[in-house]
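For reference, the structure is listed below as structure tokens.
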Amino acid sequence: MNKERLAQCLILQYLESCASKDTEHQDELEVSIDCLKNLWKIDNPAVSIPGVNSIIDLIPEPKYDTDAANKLKVKGNEALSAGNVDEAIRYYTEAIKVDPSQHIFYCNRAAAYTTKGDYQAAIDDSEKAISLNPTFPKSYSRLGLALYKLNKIDEAREAYKRGIRACTDNQALKDNLASLGPEKPQGGAGNGANMAEQLGAMFANNPMFAQFAERLKDPSVQAMLEEPDMVDLLSQIQSNPAAIMSMMGDPRLQRLLGAIMGGR
């Protein structure tokens, strides 16, 4: 059997395998298989190649320089932490070009897009990250946040539910879902401002933190509260305010308090 005939048989085998699994498109696939059998004059496409179960096995795995891509990701993380959002997006984009198989690059870029206010791009990157790794909870958190920013509350709720189904033990996703509540948010202030108001009220009621309440109105602090990791942190605090003292060792809380006290 020559190579061309072998390739035709393998293609038919692959399509037959697809037809047996994809009941929704089974009829269309079977019609395609019949047409190709008539075109290629093949009655029985059964062939056997040692070590090959499908034509997919003959396609080489792409080789990516993951180490180089990770270095670009780290630079993106540093830029984002420093508030250089466009630079962070550029580094994450370069990392994706070097190795497009890593879900974390898309997830991190989604966080940067959210900080920038490009929520649709954040949604697209979050969905891509989920497609690459369906069990990474932060992708669902960032998807839900971006949808929330677009006032798509029902879709945000469903994004968190998807995440909970895929990552059943993730408390942050459960807190994010609970934070949506039964009512839609009022238009006007951004999520950072809303978070600042809620956190400010909590601080104002706590003599130890009352002096910080005013600082929460600062635009730089509100911008920080927009960051996905901060949203996760504040969701945990809101669900259990008494736990804030036990969370003092959390780097996110330390960074937030540093910003509130005037240093970032």
Could you please find all residues in the stretch 86-104 being more than 21 Å from Leu143 (Cα to Cα) and among the hydrophobic types (A, V, I, L, M, F, W, C)? Val98
Any residue in the stretch 2-22 that's more than 15 Å from Leu39 (Cα to Cα): show its pairings with residues that are part of a helix (DSSP H, G or I) and acidic (Asp, Glu) at Cβ separation under 7 Å, as long as the two are six or more apart or on different chains. Ala19/Glu30
Positions within the stretch 126-158 being closer than 13 Å to Leu177 by Cα, hydrophobic (A, V, I, L, M, F, W, C) and crowded, with 20+ Cβ neighbours inside 10 Å, in sequence order: Leu143, Leu145, Leu147, Ala156
Looking only at the stretch 124-144, count how many residues are in a helix (DSSP H, G or I) and more than 8 Å from the chain's Cα centre (by Cα). 4
For the stretch 50-60 the number of residues that are surrounded by fewer than 15 Cβ atoms within 10 Å (Cβ to Cβ) and touching a helix residue (DSSP H, G or I) at 6+ places or on another chain (Cβ under 8 Å) is 5
Set Gln120, Gln102: member being polar (S, T, N, Q), surrounded by fewer than 16 Cβ atoms within 10 Å (Cβ to Cβ), within 16 Å of the chain's Cα centre (by Cα) and at pLDDT 95 or above: Gln120
Here are some residues: Lys63, Lys71. Which one is within 18 Å of Ser101 (Cβ to Cβ), of a type in the set (Lys, Arg) and either touching a Cys at 6+ places or on another chain (Cβ under 9 Å) or exposed (fewer than 10 other Cβ atoms within 10 Å of the Cβ) (or both)? Lys63
Among the residues in the stretch 38-56, are any among the hydroxyl-bearing types (Ser, Thr, Tyr), in a loop (DSSP other than H, G, I, E, B), within 30 Å of Lys97 (Cα to Cα) and outside the structural domain of Glu94 (by TED's automatic domain parsing)? yes
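The values are calculated or read from the model by the stated rules, or taken from the named source; none is laboratory data. Since we're looking at a predicted model, the values are computed, not measured. Cβ coordinates were reconstructed from backbone atoms using ideal geometry, including for glycine residues, and neighbour counts include every protein chain displayed.
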